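The values are calculated or read from the model by the stated rules, or taken from the named source; none is laboratory data. The model shown is predicted, which means the values in this text are computed figures rather than measured ones. Every residue, glycine among them, receives a Cβ derived from its backbone with ideal geometry; neighbour counts consider all protein chains shown. Ligands, DNA and RNA are excluded from the accessible area calculation, which covers all protein heavy atoms including side chains. Shrake-Rupley method; radii C 1.70, N 1.55, O 1.52, S 1.80 Å.
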Amino acid sequence: METRHTPALLRSLSTGALDLPLLVSSELLAEPNVSFEAFGDFEFALVSHLRHVPRRCALAELEKFPFILFQKGSRMESLIDRYFVEMDFRPRVAMRFDNADAIKAMIRTGQGISMLPMWSVDTDLRRGALRLIRQRERPLFSKIVLVSRKSSYIPRPVGAFVKVAQSFECRSPHLRSRP
(Lines give C-alpha, C1' and ligand atoms only; values in the text may rest on other atoms or scores of the structure.)
Protein backbone atom coordinates (compact mmCIF):
# COMPACT_ATOMS: atom_id res chain seq x y z
CA MET A 1 0.00 0.00 0.00
CA GLU A 2 1.43 3.40 -1.01
CA THR A 3 0.19 6.96 -1.21
CA ARG A 4 1.53 9.29 -3.88
CA HIS A 5 0.38 11.70 -6.51
CA THR A 6 -1.35 10.26 -9.55
CA PRO A 7 1.53 10.60 -12.06
CA ALA A 8 3.88 8.72 -9.71
CA LEU A 9 1.29 5.99 -9.13
CA LEU A 10 0.73 5.57 -12.87
CA ARG A 11 4.52 5.38 -13.48
CA SER A 12 4.81 2.68 -10.79
CA LEU A 13 1.95 0.78 -12.41
CA SER A 14 3.62 0.92 -15.83
CA THR A 15 6.93 -0.39 -14.43
CA GLY A 16 5.21 -3.20 -12.52
CA ALA A 17 6.11 -1.79 -9.08
CA LEU A 18 2.36 -1.47 -8.30
CA ASP A 19 -0.49 -3.75 -9.33
CA LEU A 20 -3.58 -1.68 -8.63
CA PRO A 21 -3.58 2.05 -7.81
CA LEU A 22 -6.73 3.69 -6.46
CA LEU A 23 -7.27 7.19 -7.81
CA VAL A 24 -9.73 9.98 -7.30
CA SER A 25 -11.29 10.58 -10.68
CA SER A 26 -11.26 13.90 -12.40
CA GLU A 27 -10.08 13.70 -15.95
CA LEU A 28 -8.03 10.60 -16.64
CA LEU A 29 -5.54 10.72 -19.46
CA ALA A 30 -5.72 8.00 -22.07
CA GLU A 31 -3.06 5.46 -21.25
CA PRO A 32 -2.49 2.78 -23.90
CA ASN A 33 -1.84 -0.22 -21.63
CA VAL A 34 -4.01 0.79 -18.69
CA SER A 35 -7.66 0.22 -17.89
CA PHE A 36 -9.74 2.29 -15.49
CA GLU A 37 -12.73 0.95 -13.57
CA ALA A 38 -14.86 3.39 -11.58
CA PHE A 39 -16.24 1.66 -8.52
CA GLY A 40 -17.45 4.24 -6.03
CA ASP A 41 -19.09 7.64 -5.94
CA PHE A 42 -18.32 9.95 -3.07
CA GLU A 43 -19.42 13.39 -2.03
CA PHE A 44 -17.34 16.30 -0.81
CA ALA A 45 -18.37 18.26 2.28
CA LEU A 46 -17.74 21.86 3.26
CA VAL A 47 -16.54 21.80 6.86
CA SER A 48 -15.36 24.25 9.48
CA HIS A 49 -15.07 24.75 13.21
CA LEU A 50 -15.37 28.55 13.07
CA ARG A 51 -18.22 29.89 15.20
CA HIS A 52 -19.39 32.59 12.79
CA VAL A 53 -19.68 30.41 9.68
CA PRO A 54 -23.32 29.88 8.67
CA ARG A 55 -24.63 26.30 8.87
CA ARG A 56 -26.51 26.71 5.55
CA CYS A 57 -25.55 29.22 2.88
CA ALA A 58 -24.50 29.91 -0.68
CA LEU A 59 -20.79 29.63 -1.43
CA ALA A 60 -20.64 33.39 -2.08
CA GLU A 61 -21.46 33.97 1.60
CA LEU A 62 -18.16 32.25 2.51
CA GLU A 63 -15.86 34.51 0.51
CA LYS A 64 -14.68 36.48 3.57
CA PHE A 65 -13.52 33.33 5.41
CA PRO A 66 -10.09 31.70 4.97
CA PHE A 67 -10.01 28.37 3.14
CA ILE A 68 -7.56 25.54 3.69
CA LEU A 69 -7.31 23.38 0.59
CA PHE A 70 -5.19 20.69 -1.05
CA GLN A 71 -1.83 21.58 -2.54
CA LYS A 72 -1.60 22.92 -6.09
CA GLY A 73 -1.16 20.27 -8.74
CA SER A 74 -2.89 17.49 -6.81
CA ARG A 75 -5.90 15.69 -8.23
CA MET A 76 -8.05 16.79 -5.27
CA GLU A 77 -7.04 20.42 -5.78
CA SER A 78 -7.85 20.21 -9.48
CA LEU A 79 -11.26 18.68 -8.82
CA ILE A 80 -12.23 21.20 -6.11
CA ASP A 81 -10.83 24.15 -8.05
CA ARG A 82 -12.80 23.20 -11.17
CA TYR A 83 -15.95 22.89 -9.04
CA PHE A 84 -15.43 26.34 -7.49
CA VAL A 85 -14.91 27.84 -10.97
CA GLU A 86 -18.17 26.23 -12.16
CA MET A 87 -19.93 27.69 -9.13
CA ASP A 88 -18.32 31.12 -9.82
CA PHE A 89 -16.71 31.10 -6.37
CA ARG A 90 -13.18 32.28 -5.60
CA PRO A 91 -12.14 31.09 -2.13
CA ARG A 92 -9.65 33.13 -0.10
CA VAL A 93 -7.01 30.40 0.27
CA ALA A 94 -4.93 30.84 3.42
CA MET A 95 -3.11 27.46 3.45
CA ARG A 96 -2.59 24.37 1.34
CA PHE A 97 -1.61 20.87 2.44
CA ASP A 98 -0.96 17.55 0.72
CA ASN A 99 -3.39 15.48 2.78
CA ALA A 100 -6.80 15.61 4.41
CA ASP A 101 -5.51 14.90 7.94
CA ALA A 102 -3.32 18.02 7.95
CA ILE A 103 -6.22 20.09 6.60
CA LYS A 104 -8.60 18.68 9.24
CA ALA A 105 -6.12 19.47 12.01
CA MET A 106 -6.05 23.11 10.92
CA ILE A 107 -9.84 23.24 10.56
CA ARG A 108 -10.36 21.75 14.04
CA THR A 109 -8.24 24.56 15.53
CA GLY A 110 -10.50 27.18 13.92
CA GLN A 111 -8.20 28.23 11.09
CA GLY A 112 -10.81 28.24 8.31
CA ILE A 113 -13.07 26.24 6.01
CA SER A 114 -12.31 23.36 3.71
CA MET A 115 -13.94 21.05 1.20
CA LEU A 116 -12.97 17.47 1.93
CA PRO A 117 -14.14 14.00 0.91
CA MET A 118 -16.95 12.84 3.15
CA TRP A 119 -15.11 9.63 4.03
CA SER A 120 -12.37 11.72 5.66
CA VAL A 121 -14.68 13.90 7.80
CA ASP A 122 -17.62 11.64 8.68
CA THR A 123 -16.25 10.58 12.08
CA ASP A 124 -15.26 14.17 12.94
CA LEU A 125 -18.79 15.36 12.10
CA ARG A 126 -20.37 12.69 14.29
CA ARG A 127 -18.09 13.58 17.22
CA GLY A 128 -18.68 17.33 16.78
CA ALA A 129 -15.00 18.04 16.05
CA LEU A 130 -16.06 19.59 12.71
CA ARG A 131 -19.28 21.27 11.59
CA LEU A 132 -20.94 20.68 8.25
CA ILE A 133 -21.81 23.70 6.09
CA ARG A 134 -24.77 22.84 3.89
CA GLN A 135 -24.33 24.75 0.68
CA ARG A 136 -27.20 25.83 -1.55
CA GLU A 137 -25.36 24.87 -4.74
CA ARG A 138 -25.29 21.34 -6.06
CA PRO A 139 -22.76 19.21 -4.16
CA LEU A 140 -19.46 18.04 -5.60
CA PHE A 141 -19.30 14.32 -6.34
CA SER A 142 -16.42 12.34 -7.73
CA LYS A 143 -15.46 8.72 -8.29
CA ILE A 144 -12.78 6.43 -7.05
CA VAL A 145 -11.23 4.38 -9.84
CA LEU A 146 -9.09 1.29 -9.83
CA VAL A 147 -6.32 1.37 -12.38
CA SER A 148 -4.71 -1.77 -13.74
CA ARG A 149 -2.45 -2.87 -16.56
CA LYS A 150 -4.27 -4.40 -19.47
CA SER A 151 -3.42 -8.07 -19.31
CA SER A 152 -5.05 -11.46 -19.70
CA TYR A 153 -3.43 -12.55 -16.40
CA ILE A 154 -4.85 -11.09 -13.18
CA PRO A 155 -3.02 -12.09 -9.99
CA ARG A 156 -5.35 -13.68 -7.46
CA PRO A 157 -4.83 -10.95 -4.76
CA VAL A 158 -5.57 -8.23 -7.35
CA GLY A 159 -8.78 -10.00 -8.41
CA ALA A 160 -9.84 -10.38 -4.76
CA PHE A 161 -9.18 -6.70 -4.04
CA VAL A 162 -11.19 -5.64 -7.10
CA LYS A 163 -14.12 -7.77 -5.91
CA VAL A 164 -14.03 -6.15 -2.44
CA ALA A 165 -13.69 -2.66 -3.95
CA GLN A 166 -16.73 -3.17 -6.15
CA SER A 167 -18.88 -3.61 -3.03
CA PHE A 168 -17.56 -0.43 -1.38
CA GLU A 169 -19.96 2.50 -0.99
CA CYS A 170 -19.03 6.05 0.10
CA ARG A 171 -22.47 7.32 1.14
CA SER A 172 -23.11 9.27 4.32
CA PRO A 173 -26.28 10.24 6.16
CA HIS A 174 -24.85 13.77 6.70
CA LEU A 175 -25.10 14.78 3.06
CA ARG A 176 -27.52 14.79 0.18
CA SER A 177 -27.31 11.67 -1.90
CA ARG A 178 -27.02 11.88 -5.63
CA PRO A 179 -30.39 11.16 -7.27
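Below 12 angstrom from the Cβ of H49, what's the summed charge of the other residues (Lys, Arg +1; Asp, Glu -1)? Let's see the in-between values first.
On the way: positive: R51, K104, R108, R127, R131; negative: D124.
Net local charge, H49 excluded: +4.
Roughly to the nearest percent, how much of the accessible area of segment 35-156 is carbon and sulfur, given a 1.4 Å probe?
Values: 3010 of 6200 Å².
Solvent-exposed carbon and sulfur of segment 35-156 make up 48 percent of the total.
Based on the Cβ-Cβ distance of S78 and A8, what FRET efficiency does E = 1/(1 + (r/R0)^6) give at R0 = 25 Å, to the nearest 0.05? Write out the running numbers ahead of the final one.
Working: r = 15 Å, r/R0 = 0.62.
Rounded to the nearest 0.05, the efficiency is 0.95.
Can you return the lysines within cross-link range of K150? Criterion is Cα-Cα under 29 Å, with same-chain partners fewer than 8 residues away left out.
K163
Can you work out the accessible area per residue across the chain, with the rest of the protein chains kept in place, probe 1.4 Å, in square angstrom?
On the way: 10200 Å² over 179 residues.
About 57 Å² of surface per residue is accessible.
Under Stokes-Einstein, with the Kirkwood radius over Cα pairs standing in for Rh, what whole-number D in µm²/s applies to the chain at 4 °C and 1.567 mPa s?
On the way: Rh = 17.5 Å.
Rounded, D is 74 µm²/s.
Contour minus end-to-end for V85 and R55, with contour as 0.36 nm per residue of separation and end-to-end as the Cα-Cα distance?
Additional length available on full extension: 8.6 nm.
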